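Structure, as structure tokens:
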Amino acid sequence: PSVLRALGRRARLSGQHEVAAQAALLEATGRLAAGRPGAALACLRTLGPVRALPLRLEVAVATLAAQAQAASGRRTRALASLERACARLEPVALELPGPWLRAAFLLEHLDPWLARVELLLERGRPADRRAAATLLDGLAERRFRVQGRTPTGDARAARLRARLEALYDRLGRGGGPTRGAGAEETHALLAQARRVERALAEGWLRAERRDPGARAHAPFEDRPLAPDQGVLHLWRRGERVHALLQRGASVAPGHDLGSLAVLARALDRLGFHARRLRAGGTAQAVFADALAALARSLLAPLTGAELPESLALIVDPALPDLPFEVLPWAQAPLASCTRLLRVPSVQARVPARAAGAGVSWLALGESDLPGITRESAALGPEVRRVEGSAATRAALAEALVTRARVHVSGHGFAAVEAPALGGVRLADGWFGAADLPERVHADVVVLAACRTGRVLGHGALAWGGLPAQLLAAGARHCVWTADDVEDGVTAALTARLHAGLDRGEDVPQAFGRALAALGRESGHVASLLPFRLSGLLG
């Protein structure tokens with residue numbers, strides 16, 4: 001502390017205000033961690049007015065000061081300080097040129113919002129808990145709102161995309177001695193694909209600075225939840241995972257779900273035993289134990305009360321992929337016990353649009369995916385089938401604009417560094433978020449392929465993968481996959497899904513019942529772990 005104090009004093013005398021602020025922040029953080037909030041506030045007061053600092057440091061000082069005030073028992077004053085810090089950030093985020101910079105700014109300035117949530121939940125009054133839920137949904141809404149379309153590519157971008165598609169053609173077929181690339185080749189191809197993706201993303205970022213091209217979402221209305229509607233928020237705060245359950249107008253106390261590292265280990269264990277089962281092993285009991293242990297942790301906020309009729313799930317993208325759909329509840333997958341839907345935010349609702357009509361099924365046709373034929377047969381004779389060379393990007397775009405239900409089958413791949421390019425293989429290349437029409441009129445889009453969603457990082461928030469951009473363009477529901485899937489399992493699941501929709505079931509209900517039926521038939525849900533359902537509330 002004495003070294004930091006001396007450094008800060010010299011920096012102030014020489015006019016180096018940023019260095020002085022950083023020194024004071026470090027010293028105050030140490031004093032707060034040592035249980036001396038008053039000393040921490042004294043350190044920060046040496047800075048004087050903070051408006052002269054860069055916004056990043058101004059907000060960091062205000063957030064730490066609020067935490068020290070709260071530790072001193074002055075929660076109301078701390079909340080007011082944090083509210084002012086958030087108000088300083090709001091207009092800046094809106095003025096940044098392009099979705100990449102807005103997404104990066106949002107990710108790097110979460111502290112004041114999450115600190116407010118934390119203090120409200122600590123104070124614990126019903127109104128405070130409702131305010132915390134509103135703040136969390138506001139953060140989720142911002143993540144959805146900052147998303148933009150990828151900039152129009154130039155000739156260099158077109159060449160890079162052609163290179164990527166050749167790589168995806170090889171990688172999308174999976175590993176194994178007779179199908180796709182082996183482990184060594186896969187590693188080399190992935191490294192090459194990531195380099196090309198980064199080059200494309202950097203080009204998009206440069207283009208955004210010249211022409212922001214942000215998508216204008218319709219204003220969201222603040223609509224209350226019905227009494228039988230629930231919302232489960234999950235977010236990361238430091239190295240801990242937290243959850244908050246809202247049901248109608250009532251918000252339960254928050255839950256600390258434990259360490260992020262422990263959760264990651266539990267997911268690794270579950271994935272290991274799932275792969276053993278999918279490969280024909282006999283680890284069913286061990287897999288069931290791993291899944292039950294994960295459910296006890298993640299579903300703790302739901303225990304002790306009746307499950308709501310419908311449950312919207314809002315998950316912080318900083319968290320690892322969580323298979324909520326198949327977590328056991330009353331000996332059945334959670335998605336079959338409530339209408340479970342992953343939503344970008346509660347307030348993101350289906351925009352006013354013309355509804356599509358009929359069903360379209362598109363598939364390039366792959367000899368190594370025999371399940372695709374069964375998918376087609378399950379859809380019935382009245383479905384419009386587009387196959388082989390006719391299954392083009394233009395055909396899929398046309399179906400998304402005109403049809404109520406669109407099902408596309410084949411190989412899929414997730415582009416980690418350039419998420420808008422990942423998607424599904426068609427006759428003239430890979431169809432991703434960059435190929436979507438401006439407006440989508442489909443009620444449900446089924447992406448029956450491997451790895452058609454779940455992308456991470458700034459690029460995912462800025463441009464989004466195919467499921468997120470489908471919702472932003474107007475689709476109401478999207479079935480997608482977070483990992484590799486087996487084509488036979490995919491065919492069986494989607495056949496049940498469409499049968500339920502034909503019977504008049506709503507999409508979450510049909511999806512949940514399809515998961516439960518297939519789980520009962522196979523005796524486990526190991527092959528169903530990657531399937532997800534996202535959508536917008538009606």
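The values are calculated or read from the model by the stated rules, or taken from the named source; none is laboratory data. Everything numeric here is computed off the predicted structure, so don't read it as measured data. As a convention, Cβ positions derive from the backbone with ideal geometry for all residues, glycine included, and neighbour counts pool all protein chains shown. For accessibility, only protein heavy atoms count, side chains too; no ligands or nucleic acids. Shrake-Rupley method; radii C 1.70, N 1.55, O 1.52, S 1.80 Å.
Give the Kirkwood hydrodynamic radius (Å, one decimal) of region 390-538, defined as one over the mean of 1/r across all pairs of different Cα atoms.
Averaging 1/r across every pair of different Cα atoms and inverting gives 15.3 Å.
Give me the net charge of Val359's neighbourhood, meaning all other residues with Cβ under 10 Å from the Cβ of Val359; Lys, Arg count +1, Asp, Glu -1.
+2
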Quick one: compute the contact order of the chain, relative version, from alpha carbon pairs under 8 angstrom and 6+ residues apart, as a percent. 12
Starting from region 482-538, pick out the trypsin sites (Lys or Arg not before Pro) whose DSSP state is loop and whose Cβ has at most 14 other Cβ atoms within 10 Å. Arg503
Taking just the alpha-carbon atoms of region 289-340, what radius of gyration and Dmax come out, in angstrom? 10.8, 29
At the level of C-alpha centres, the distance separating region 479-524 and region 134-148, in angstrom, is 30
Extent along principal axes [Cα atoms of region 254-350; Å; largest to smallest]: 44, 29, 27
What list of whole percents do you get for P(r) of the chain, with Cα-Cα distances grouped in 20 Å bins up to the one holding the largest distance? 20, 52, 24, 3, 0
Taking only protein heavy atoms into account and a 1.4 Å probe, give the accessible area per residue of the chain in Å². 42
Give me the net charge for the shell around Ala283: Cβ to Cβ below 14 angstrom, other residues only, Lys and Arg +1, Asp and Glu -1. +3
Heavy-atom accessible area ranking, 1.4 Å probe, most first, across Glu309, Glu184, Glu382, Glu366: Glu184, Glu382, Glu309, Glu366
Whole-Hz couplings from phi, Karplus 6.51/-1.76/1.60, listed for region 260-268; x for Gly and Pro: 5, 5, 5, 4, 4, 5, 5, 5, 4
Length gain on complete extension for the stretch Gln192 to Arg209, per 0.36 nm per residue less the alpha carbon to alpha carbon distance? 3.5 nm
Please give me the summed charge of the neighbours of Ser389: other residues whose Cβ is under 14 Å from its Cβ, Lys and Arg +1, Asp and Glu -1. 0
Here the residues of region 94-123 lying in the modelled label zone of Thr76, meaning backbone nitrogen under 17 Å from a point 7 Å along Cα-to-Cβ, are 119-123
Measure out, as a whole number of angstrom, how far apart the alpha-carbon centroids of region 248-310 and region 440-473 sit. 24
Would you please report the Å³ per residue occupied by the convex hull of the alpha carbon atoms in region 298-452? 159
Antiparallel DSSP beta bridges within region 362-433, percent to nearest 5: 60
Using the Karplus curve 6.51 cos²θ - 1.76 cosθ + 1.60 with θ = phi - 60°, what ³J(HN,Hα) values do you get for each residue of region 413-428, in whole Hz, with x for Gly and Pro? 7, 9, 8, 5, 7, 10, x, 5, 9, x, x, 10, 7, 10, 4, 10
Per DSSP H run of at least 4 residues, take -39500 (n - 2.57); add these up for the chain, divide by its residues and hand me the 222 nm value, nearest 500 deg cm²/dmol. -16000 deg cm²/dmol
Ignoring ligands and nucleic acids, Thr452 exposes an accessible area, probe 1.4 Å, in Å² to the nearest 10, of 10
The Rg/Rh figure for region 5-110, Cα atoms and Kirkwood Rh, to two decimals is 1.01
For Asp256 and Gln331 in one chain, what is 0.36 nm times their gap in residues minus the Cα-Cα distance, to one decimal in nm? 24.5 nm
Once all protein chains are kept in place, Asp368 shows an accessible area at probe 1.4 Å, nearest 10 Å², of 40
Please figure out what share of the DSSP beta bridges in the chain is antiparallel and state it in percent, rounded to the nearest 5. 45
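Calculate what fraction, in whole %, of the accessible area of the chain sits on carbon and sulfur atoms when a 1.4 Å probe is rolled over the protein chains.
54
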Computed lengthening from Arg520 to Arg353, 0.36 nm per intervening residue step minus Cα-Cα distance: 56.3 nm
